[in-house]
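The values are calculated or read from the model by the stated rules, or taken from the named source; none is laboratory data. Since this is a predicted model, take the numbers as computed values, not measurements. Please note: Cβ atoms are built from the backbone with ideal geometry, for glycine as well, and neighbour counts cover all protein chains shown.
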Amino acid sequence: MHQSEYFINLEEEYGAHNYHPLDVVLTKGQGVWVYDVEGNRYLDCLSAYSALNQGHNHPRIRQAMIDQLDRLTLTSRAFRNDKLGLLYKKLSDMTGYEMSLPMNSGAEAVETAIKVARKWAYVKKGIERYQAEILVAEGNFHGRTTTIISFTSTEKYKHDFGPFTPGFKMVKFGDVDSIQNAITKNTAAILIEPIQGESGIIIPPTGYLKAVEELCRANEILLIADEIQTGLGRTGKLFACEHEAVRPDIMVIGKALSGGFYPVSAILADKSILGIIQPGEHGSTFGGNPLGAAVAVAALEVIEEENLVENSRILGEYMKDYLEEVPQKNILDIRGKGLFVGVELKHELGGVRRFAEVLQKKGILVKETHVHTLRLAPPLIINQETLDWMLPILRQVLLMD
């Protein structure tokens, strides 16, 4: 038995089957490369769904974590620590938002944004208590907690998990009129991904986000942007909303906020919104812990100082231009911004899983999303030389029978 089989069998026997991973068992990662237990090397073109924008095991973030491990890992929020304030200031300096509220997972940050928006609706907007509605988009993916799956349009995420949390109304993604028609006196916020990642890198029409922002301003509605996957450089801007000069009222971030070392998420907003939260109303034992805060500051510094946003923009255009030259034999659509590209294959091919499995054999790790789309999202530290190695292999596989 290969080592891989041993570890796969352990997972299959003792673990809940809540994922369908590729059968590659990774044991080491460095930069854009990962290695399996047999010693084979692969280019990581998923980046843990953009949590690894800074690459695997970035030495600077790793050192920040080691230094903090030697000092203090957890205080709970019952006491203060000397790292959390530094993270607050770094986030504010980098993004322009006045305040932040740190959590751990992305789903926790989305839940936080929902709670803040609801309280704002009652305290600031004057919506009748417990009548607030939040508009959400078809095809959204914001996590898998009970509240979040209550407003998914993907049946498999919610089937058999009800009853569901009320207070959400579905609108059509990319359609401003759909939002306009859904607004009532009880509308508190709209929660939206500027690019829908899990749905297959779905990009709304140009001007859509700006029009949504204007609708929100005109109707005193909070615009909440989930940039957990698209934020922190992935699309060639620090935030995907910046492509249309949109400033959400609440920004939700996570994943690359820690460079893959530790779960750190946050929501960002100004004092007029986040200032309404009072002690005891929301929290997390681990949220804002000194270890996570130290890691997050280093992760943000790497994004800035290594120009990862600009690298994503330049090499993303390079990758997209190359792919658009590939014969259309199997390709239905290519879409993306920065190093966040979806290649949708013709649906009669029966799904892209087999293409991902062939790429794995050739040393490139990608994953299917929504059956028919390959998501290409390598770490933002990737260089053109590595892309020049990867792209011809990808072209060959995309053209296979």
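Return the residue satisfying two criteria in turn: it lies in the range 7-22 and is of a type in the set (Phe, Trp, Tyr) and closer than 19 Å to Gln360 by Cα, and of such residues it is modelled with the highest pLDDT. Before you say what the answer is, go through the steps one by one.
Here is the first cut: in the range 7-22, the ones of a type in the set (Phe, Trp, Tyr) are 7, 14, 19.
Retained after the next criterion (residues that are closer than 19 Å to Gln360 by Cα): 7, 19.
Numbers: Phe7: 97, Tyr19: 94.
Of everything passing the filter in the range 7-22, Phe7 is modelled with the highest pLDDT.
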Just to be sure I understand, how many residues within the range 353-369 are surrounded by fewer than 17 Cβ atoms within 10 Å (Cβ to Cβ) and not in a loop (DSSP other than H, G, I, E, B)? 5
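Here is a yes/no grid of residues against (1) touching a Leu at 6+ places or on another chain (Cβ under 6 Å); (2) surrounded by 16 or more Cβ atoms within 10 Å (Cβ to Cβ); (3) assigned to a strand (DSSP E or B):
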{"residue": "Val295", "(1), (2), (3)": "no, yes, no"}
{"residue": "Glu344", "(1), (2), (3)": "yes, yes, yes"}
{"residue": "Gly351", "(1), (2), (3)": "no, no, no"}
{"residue": "Val371", "(1), (2), (3)": "no, no, no"}
{"residue": "Ile381", "(1), (2), (3)": "no, yes, no"}
{"residue": "Thr386", "(1), (2), (3)": "no, yes, no"}
{"residue": "Trp389", "(1), (2), (3)": "no, no, no"}
{"residue": "Val397", "(1), (2), (3)": "yes, yes, no"}
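Restricting attention to the range 327-342, which residues are surrounded by fewer than 16 Cβ atoms within 10 Å (Cβ to Cβ) and not polar (S, T, N, Q)?
Step one: of the range 327-342, the residues surrounded by fewer than 16 Cβ atoms within 10 Å (Cβ to Cβ) are 327-329, 332-333.
Answer for the range 327-342, where residues must be surrounded by fewer than 16 Cβ atoms within 10 Å (Cβ to Cβ) and not polar (S, T, N, Q): Pro327, Lys329, Leu332, Asp333.
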Could you say whether any residue in the range 7-27 is surrounded by fewer than 21 Cβ atoms within 10 Å (Cβ to Cβ) and over 30 Å from Tyr157 (Cα atoms)? no
The range 47-64, subset among the aliphatic types (A, V, I, L, M) and buried (at least 21 other Cβ atoms within 10 Å of the Cβ), residue farthest from Phe355 (Cα to Cα): Ala64
Give me the residue from the range 310-342 that is β-branched (Val, Ile, Thr) and not in a helix (DSSP H, G or I) and, out of that set, farthest from the chain's Cα centre (by Cα). Val326
What are the pairs with Cβ atoms under 7 angstrom where one residue, in the range 80-104, is over 18 Å from Phe286 (Cβ atoms) and the other, located anywhere, is in a loop (DSSP other than H, G, I, E, B) and not aromatic (Phe, Trp, Tyr)? Sequence gap at least six, or different chains. Ser92/Glu98; Tyr97/Asp270; Glu98/Asp270; Met99/Asp270; Met99/Gly275
Selection over the range 118-163 where residues are within 24 Å of the chain's Cα centre (by Cα), among the hydrophobic types (A, V, I, L, M, F, W, C) and part of a loop (DSSP other than H, G, I, E, B) yields a count of 3
Take the range 26-59 and flag every residue that is out of contact with any His (no Cβ under 9 Å at 6 or more places or on another chain), without any contact (Cβ under 8 Å) to a residue 24 or more places away in the chain and hydrophobic (A, V, I, L, M, F, W, C). Leu26
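Might you check whether a residue that is within 30 Å of His58 (Cβ to Cβ), of a type in the set (S, T, N, Q), touching a residue at least 24 places away in the same chain (Cβ under 8 Å) and surrounded by 20 or more Cβ atoms within 10 Å (Cβ to Cβ) occurs anywhere in the range 283-292? Working first, answer last.
Of all residues in the range 283-292, those within 30 Å of His58 (Cβ to Cβ) come to 283-292.
Next, from what is left, pick out any that are of a type in the set (S, T, N, Q): 284-285, 289.
In the following step, the residues that additionally are touching a residue at least 24 places away in the same chain (Cβ under 8 Å) were identified as 284-285, 289.
Subset that is surrounded by 20 or more Cβ atoms within 10 Å (Cβ to Cβ): 289.
Yes; the residues of the range 283-292 include at least one that is within 30 Å of His58 (Cβ to Cβ), of a type in the set (S, T, N, Q), touching a residue at least 24 places away in the same chain (Cβ under 8 Å) and surrounded by 20 or more Cβ atoms within 10 Å (Cβ to Cβ).
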Can you spot a residue in the range 368-383 that is of a type outside the set (S, T, N, Q), over 22 Å from Leu22 (Cα atoms) and over 24 Å from the mean Cα position of the chain (by Cα)? no
If I go through the range 318-331 residue by residue, how many of them are more than 14 Å from Pro392 (Cβ to Cβ) and in contact (Cβ under 8 Å) with a residue 60 or more places away in the chain? 3
